[in-house]
Every structure is written in structure tokens, then in C-alpha cells.
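Below you'll find the structure, written out as C-alpha cells, and then a few comments.
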Amino acid sequence: MSANSANTGSWLSAHGKLWYDDRWYRIAWIIWPQAVGMLLFVSLWLFHPAGQGGQGFLPWARPMVETRKYPPAPVKEPVAPPLAEQPVDVLAPCTSGDFAQNIQACTTLLASGTLRGSNLAYAYYHRGWAYYSTKQYQPAMNDYDRAIANASGVPDFYNERGILWMDVGNNERAMQDFDQAILLKSDYALGYLNRGVALRNLKRPNEALVALATAIERDPKLTLAYENRAFLNEDRSNWRAVYDDALKVIELAPDDRMGYELRGHAYLEVGQYQAAITDFTKAISIDPNAIYDYRMRGRAYHFLNQFDNAMADFEAALRIDARDSETISFINDLRRRQRDR
């Protein structure tokens, strides 16, 4: 973990302890940012041209958007809030643009003082999700805390904060949030899924398998639960189980490369090299930048003594990442075998 990541994890751990142990600290985090936000809003209105008959706010700086790394975590689609108190489109600006636009829109809404009831909590939640999606972890954690303080009975809030705790390396703290989400909603499949991921990170595979099996029982169409269970069985070299879960992923999500990638790996490990090549080829057709699939298809060609095809795939992998150590190792192995023939 980098120095920045370590500092972030340390800050968030200290913040989490104070949040639950110190009532005045929790109240300060809820009230003080709202006061600052209101002051900022009034200042902008008074001194910006928009407040003097101008044409509107200048766009805020937009942080770089990065995608979540493999293995995948749950897709976090914003949850539609119950909006009995206000018009149904009141929070639409928080979710209708890119992440930077959503942050700006949510901030403006929060500073306006017009949000009531659950809408206030969901505005913090949506802004927290936008912060998280742009790797702004500290403000994301702050907003998830405020969302929970305003509506402590929403399992999605705990689930999202738990994912953030996992991303900064605190899997034990993440487990507490996933457990709370499940306590609030016993059939909450995402809570069990993420609990399984955290347990895998904590090297507790038996408990992780139970959690993932429960997620599948609660929602048999939850593709990511099958994928993560397949990852666990890859760790155990249980290739039949990997194959079975890969089949389910392909059935549920035929356009997801992971099903073909997982099944291809199972085929490769049991010596069915041509079947593995077929699956890795399909995975590459879905995502031409998936270095793993070129590397593993090259390995299958290698075992079939199709050395030119193998080298072509290894070179394709190096065009994606010229320093990929596993691909370089496979190339060296291939060259040794060619010399020994």
C-alpha cells in the first residue's frame, strides 16, 4: 500500500472510532459542514455574476474518473429514495450527470436548506458515491456518515460505506457495516456478497464461501456472487466448482467476459486446451484489453505446441503492459522449450 493509501486508511480508522465513541464529534461532523456549505452558497450567490444577473455558475474542477480494479466489486447503482415528502425529481440533479456534475449538484441542493426527510440523507449518499467513484475517499466517508446519521435504517448506506472501508484496507471495519446492513434487511444479498469478499481478503475462505452461498440463496441472479465464489475456488484449485459457477455467470450475463475467462481457466487447468482457447477467444472479443486472456490463451497454445500462436498472444499481452512479469515468465518458458526441441 502506498504512503498516501496508508495515511488515508489511518485517518479513516481514527475517524470511524471517534464517530462511534464521541457523541459531540458526531454532532460536529453533521452540523459544521452544513453551516460551511450554507455560507459558501450565500457567498457564491452574492458575489458571483449569477447572483447579480449573470449567466450561472462556472463549472467546478472535475477529478479523474477511475474504474474499479479486478476482481470486481458490486456495481453500485444509486438507490431510488422514498420521496413522499417532496417531488419525485428533487434529487435528479444528483444522479443525472457525470460524477463531478453530481457532486456540484448535490452540494448546491444540500446548501439550499430545502431538503427534508429522507431526501437529505440520500443527497449525502449520492454525493458520497460520486466522491467515492472519483477516489475522493475522505469526503466520501464523511458523506456516508452523514447519510447514516440522518437515516440509520437504510442498508444501502452501510453497504456502500463497507465497500469504502474495504478499499482502504480495513476489512474488519467493513464487516461491521455489512453485518449492520444484513441486520436491517435479512434478505440483503449485496450485504452477504460483500461480506464474502471481505472474508476472502481476511483469508477466511470457509466463512467466505458460506456468505457467498447465502448471497446466491437470497438472490439467485446475483452474477457477482458466482464470480467471487469462483475466485475463491480458484484459490483452492477446485476447478469443477469454478467451471460450475462460470456456467452460471455465462447464463446470467452472456456479455460479461468473466464467465468465459473463468471457464477457460478451468478448462486449461484440467488439460482441455482447445476448449480453453475457445473461451479465452470469446473473452477477448468482449474486452480486447484484458491482458489475462491473451496470456492464458497463449499458455494453452503453448501446451498444444502451437508456439507461433503462443508467442503472438504473449506479445499482444505485452502491448497492453510491457512490464507484466507473468507474461515475461511465460515467454522465457516458451523460448526454453523451443531450444530444447
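Conditions (1) free of Cβ contacts under 8 Å to residues at least 40 places away in the same chain; (2) in a loop (DSSP other than H, G, I, E, B); (3) more than 19 Å from W165 (Cβ to Cβ); (4) touching a Leu at 6+ places or on another chain (Cβ under 9 Å), marked per residue:
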site: G191; (1), (2), (3), (4): yes, no, no, yes
site: R195; (1), (2), (3), (4): yes, no, no, yes
site: R200; (1), (2), (3), (4): yes, no, no, yes
site: E207; (1), (2), (3), (4): yes, no, no, yes
site: A213; (1), (2), (3), (4): yes, no, yes, no
site: L224; (1), (2), (3), (4): no, no, no, yes
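Just so you know, in segment 161-187 the residues that are of a type outside the set (G, A, S), within 19 Å of W129 (Cα to Cα) and not in a helix (DSSP H, G or I) include one that is nearest to the chain's Cα centre (by Cα), and it is V168.
Within segment 301-326, restricting attention to residues that are in a loop (DSSP other than H, G, I, E, B) and polar (S, T, N, Q), the residue that is surrounded by the fewest Cβ atoms within 10 Å (Cβ to Cβ) is N305.
Quick check, is R161 closer than 29 Å to I216 by Cα and free of Cβ contacts under 8 Å to residues at least 60 places away in the same chain? Write out each step before concluding.
Numbers: closer than 29 Å to I216 by Cα: yes; free of Cβ contacts under 8 Å to residues at least 60 places away in the same chain: yes.
Judged against the criteria, R161 is a match.
Look at segment 175-215 and say how many of its residues are crowded, with 24+ Cβ neighbours inside 10 Å, over 20 Å from I148 (Cα atoms) and aliphatic (A, V, I, L, M). Selection size over segment 175-215: 6.
Residue by residue, here is whether (1) under 30 Å from N201 (Cα atoms); (2) modelled with pLDDT of 50 or more; (3) among the basic types (K, R) holds:
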residue	(1), (2), (3)
S43	no, no, no
A50	no, no, no
P63	yes, no, no
P87	no, no, no
Q104	no, yes, no
T107	no, yes, no
R116	no, yes, yes
Y122	yes, yes, no
A130	yes, yes, no
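Could you go through segment 257-275 and let me know if any residue there is within 20 Å of Y192 (Cβ to Cβ) and outside any helix (DSSP H, G or I). Among the residues of segment 257-275, not one is within 20 Å of Y192 (Cβ to Cβ) and outside any helix (DSSP H, G or I), which makes the answer no.
Sort out which residues of segment 138-152 are of a type in the set (S, T, Y) and surrounded by fewer than 21 Cβ atoms within 10 Å (Cβ to Cβ), and write them in order of number.
Residues of segment 138-152 that are of a type in the set (S, T, Y), as a first pass: 144, 152.
Hit for segment 138-152 is S152, nothing else.
The values are calculated or read from the model by the stated rules, or taken from the named source; none is laboratory data. Owing to the predicted nature of the structure, the values given are computational and were not obtained by experimental measurement. Here the Cβ is made from the backbone with ideal geometry for all residues, glycine too, and neighbour counts use every protein chain on show.
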